[in-house]
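Structure record follows, encoded as structure tokens.
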Ligand code: PLP
């Protein structure tokens, strides 16, 4: 089966098999990772290795904390303004899709966000040119969603905040660890694990240490980065099994040669799929501006929308699953995260050509 789900999504087979082999008795400990104390030496070794491998992968500078949290990226939509701002502080959001919009709306409960650019009127198919952004003087941060999972638009470069001391913040949920990133350009990066790096239930926050410790006084302890940083993500019981799985994925990505190699594979896969769409003479159509098409989520429509349900049904029969577009936009969406092999994309493309041959004209 090839699973094109947007998340939770496909994980590397070798990682799943390794987890299976260790499920009942983790490395001779006599315990499953699910049964261990999060304060025992076994789990400490797991979380420390996961962090070390992630630091290697993203070349995370030593003045950044890595936090393994819960509550999904959605919880970070609130935690970020609560930790970085006071209620009267101004902040800017670039809204390139539904997730950026959700983050923007949630922030308005805790500070004074402004949407300085929105792609909504273009159905979220674009990324703005950075020179045209009218950033707010005195804004504390500039928030972007690095890859919009539903719409398939991805930042290929990143804007620079206009104000001194202002930081760039990115939701990288759906392209985390899919390519190298210069972490030092960001004050904070966050990502839910369940696309590229593990099961749902783990949220990763990478934050520059000087930004920690100024949370609003009403911030719940579970949202306070200082609490989690001071306790090395072990203030309360963390999602132990999920962190273990993320650790196995990080180790696998390191073994693949790191994110430069991973990006090469992702570029190749995406090209095969986008080329097939471009070469279909309009039978398939991707609405996203070519230069900002996502390497991870490829949305497309059929010139005859009445065929879309059949496309999804037939693909499923051929063991290509979860290709239906998000309910808010319809069409088809193929998510081709790190763990999707090139063979899966090639099989999809062969199916698309065959489907077209049977229905064109
Ligand atoms: N941000 C992006 C880009 C996403 O794709 C998602 C979920 O799919 C979220 C945020 C929300 O994440 P979660 O469900 O982990 O709260």
(request) For the chain, state the semi-axes of the equivalent ellipsoid (square roots of 5 times the eigenvalues of the alpha-carbon gyration tensor), sorted largest first and rounded to whole angstrom. (result) 34, 28, 16
(request) With a point put 7 Å past each Cα toward its Cβ, work out how far residue 261 is from residue 314 in nm, to one decimal. (result) 3.8
(message) For q values of 0.17, 0.19, 0.27 Å⁻¹, compute log₁₀ I(q)/I(0) with the Debye formula on a Cα-only model of the stretch 164-204, without solvent.
(response) -0.46, -0.55, -0.92
(message) Quick check: the distance between the Cα centres of the stretch 241-273 and the stretch 49-85, to the nearest angstrom?
(response) 19
(request) At 7 Å along the Cα-to-beta-carbon direction for both residue 162 and residue 237, put a label point, then send me their distance in nm to one decimal. (result) 4.9
(request) Could you pull the Cα extents of the stretch 176-233 along its three principal axes, largest to smallest, in whole Å? (result) 36, 27, 18
(request) Which order do the peptides 76-86, 58-68 take when ranked by the mean count of other beta-carbon atoms within 10 Å per residue, highest first? (result) 76-86, 58-68
(request) Subtract the Cα-Cα distance of residue 18 and residue 115 from 0.36 nm times their separation in residues, and report this length gain in nm to one decimal. (result) 30.5 nm
(message) Ranking request for peptides 328-339, 307-318, 101-112: highest mean number of other beta-carbon atoms within 10 Å first, then the rest in descending order.
(response) 328-339, 101-112, 307-318
(request) Let me know the Kirkwood hydrodynamic radius for the stretch 208-271, please, with Cα pairs as the basis and the value in Å to one decimal. (result) 14.8
(message) What are the extents of the Cα atoms of the stretch 123-208 along their three principal axes, in Å, largest first?
(response) 39, 33, 20
(message) So if each residue of separation counts as 0.36 nm, and I subtract the Cα-Cα distance between residue 304 and residue 230, what length gain in nm does that give?
(response) 21.0 nm
(message) Bin width 10 Å, origin at 0, all Cα-Cα pairs of the stretch 4-77: what percent of pairs per bin?
(response) 15, 34, 41, 10, 0
(request) Would you please state which residues of the stretch 170-192 a label at residue 130 would reach in this model, taking the label point 7 Å out along Cα→Cβ and a backbone N cut-off of under 16 Å? (result) 170-171, 181-188
(request) At 7 Å along the Cα-to-beta-carbon direction for both residue 29 and residue 184, put a label point, then send me their distance in nm to one decimal. (result) 3.6
(message) Can you compute log10 of I(q)/I(0) for the stretch 1-131 with the Debye formula, treating each Cα as one identical point scatterer, at q = 0.10, 0.11, 0.19 Å⁻¹?
(response) -0.57, -0.68, -1.19
(message) Treating the stretch 258-359 as a set of equal point scatterers at the Cα positions, no solvent, please give the Debye-formula log₁₀ I(q)/I(0) at q = 0.10, 0.19, 0.21 Å⁻¹.
(response) -0.25, -0.93, -1.14
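We did not get these values from a lab; they are worked out from the coordinates using the rules stated. Predicted model only: the values in this text are computed from it and were never measured. All Cβ positions, even for glycine, are placed from backbone atoms using ideal geometry, and neighbour counts span all protein chains on display.
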